[in-house]
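Here's the structure, in structure tokens; my notes come after.
The values are calculated or read from the model by the stated rules, or taken from the named source; none is laboratory data. None of the values given here were measured: they were computed from a predicted structure. With ideal geometry, Cβ positions are generated from the backbone for all residues, glycine too; neighbour counts draw on all protein chains shown. Accessible surface areas use protein heavy atoms only, side chains included; no ligands, DNA or RNA. Shrake-Rupley method; radii C 1.70, N 1.55, O 1.52, S 1.80 Å.
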Amino acid sequence: VLAKEEVEQMIISTKNHNHRTILQIGYGAGLRVSEVINLKWKDIDFKRNTIHIKGAKGKKDRIVMLSPKVKKSLQKLEAEKNGLVFKTTRGKKYTTRTVQLIVRNAARKAQINKNVTPHTLRHSFATHLLEKGTDIRYIRDLLGHSDINTTLIYTKVSTKDISKIKSPLD
């Protein structure tokens, strides 16, 4: 899991607008890499600030939030606003590998010495929501988990409650 500041630094250090928006939406909505590369314009509701993820893992649909920052970045994308949201300069669909490299390069530019993958952004999204006090059931739904036990893994990663406990030394 990355600190919020590390995620922000990755986004800031990425100059390519398409790549920066991929990072923002991966973290800002907790999307899997396959969900990012398959995202279509018609699945984004700019009025209601939601994204409809269709046929994700387990062939399940879900609704996730559209962050105002992500919304702003999406609206700036130079695209015809139909079909896939993210296309390469050749007009092709991004591959999983390309998104992995985008994330790794962003981490390197931000001088983060951890093994950062697109899934790291998803883990960070869930952990940061939990640390802000978001109910675990909402996080489960946002991530598209059918079993709450899968989501409960994030309670082990979160430092929210640990940081509030006073040491006996203090």
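Once the gyration tensor of the Cα atoms in the chain is diagonalised, the equivalent ellipsoid follows with semi-axes of 28, 20, 14 Å, ordered largest first.
Using a simple charge model, +1 on the beta-carbon of Lys and Arg, -1 on the beta-carbon of Asp and Glu, nothing else, what dipole does the chain show about its Cα centre, in debye to the nearest 20?
640 debye
Can you work out the PRE-style zone for K72? Point 7 Å along Cα to Cβ, and I want the residues of region 13-31 with backbone N under 13 Å. Once the point is set 7 Å along Cα→Cβ of K72, nothing inside region 13-31 turns out to lie under 13 Å by backbone N. Overall, the accessible surface of region 1-114 at a probe of 1.4 angstrom is composed of carbon and sulfur to the extent of 50 percent.
Between T127, T88, T117, the Gaussian network model of the chain with springs among Cα atoms under 10 angstrom shows the greatest mean-square fluctuation at T88. Extension gain, A3-N16: 0.36 nm per intervening residue step, less the Cα-Cα distance, totals 2.4 nm.
Using alpha carbons only, how many degrees (0 to 90, rounded to 10) separate the axis of helix 96-109 from the longest principal axis of the chain? Helix 96-109 and the main axis of the chain meet at about 60 degrees. On a 0 to 90 degree scale, rounded to 10, what angle separates helix 17-28 from the longest Cα axis of the chain? It is inclined by approximately 40 degrees.
Structure remark: mean-square fluctuation, Gaussian network model of the chain, C-alpha springs under 10 Å; the largest value among R20, R122, R90 belongs to R90. Calculated FRET efficiency, W41 to T134, Cβ-Cβ distance, R0 = 30 Å: about 0.60 to the nearest 0.05. Against the chain, whose longest principal axis comes from its Cα atoms, helix 118-131 is set at around 50 degrees.
Here the relative contact order of the chain, from alpha carbon pairs under 8 Å that lie six or more residues apart, stands at 28 percent.
Name the shape class, rounded, prolate or oblate, that the alpha-carbon gyration tensor gives for region 5-102, where a ≥ b ≥ c are the square roots of its eigenvalues, rounded holds for a/c under 1.5, and otherwise prolate holds if a/b is larger than b/c and oblate otherwise. Rounded. Rolling a 1.4 Å probe over the heavy atoms of the protein chains gives the chain an accessible area of 60 Å² per residue. Using a simple spin-label model with pseudo-atoms 7 Å out from Cα toward Cβ, R108 and S146 lie 3.9 nm apart.
If the chain linking T117 and L84 were pulled fully straight, counting 0.36 nm for each residue of separation and taking away their Cα-Cα distance, it would gain 9.7 nm.
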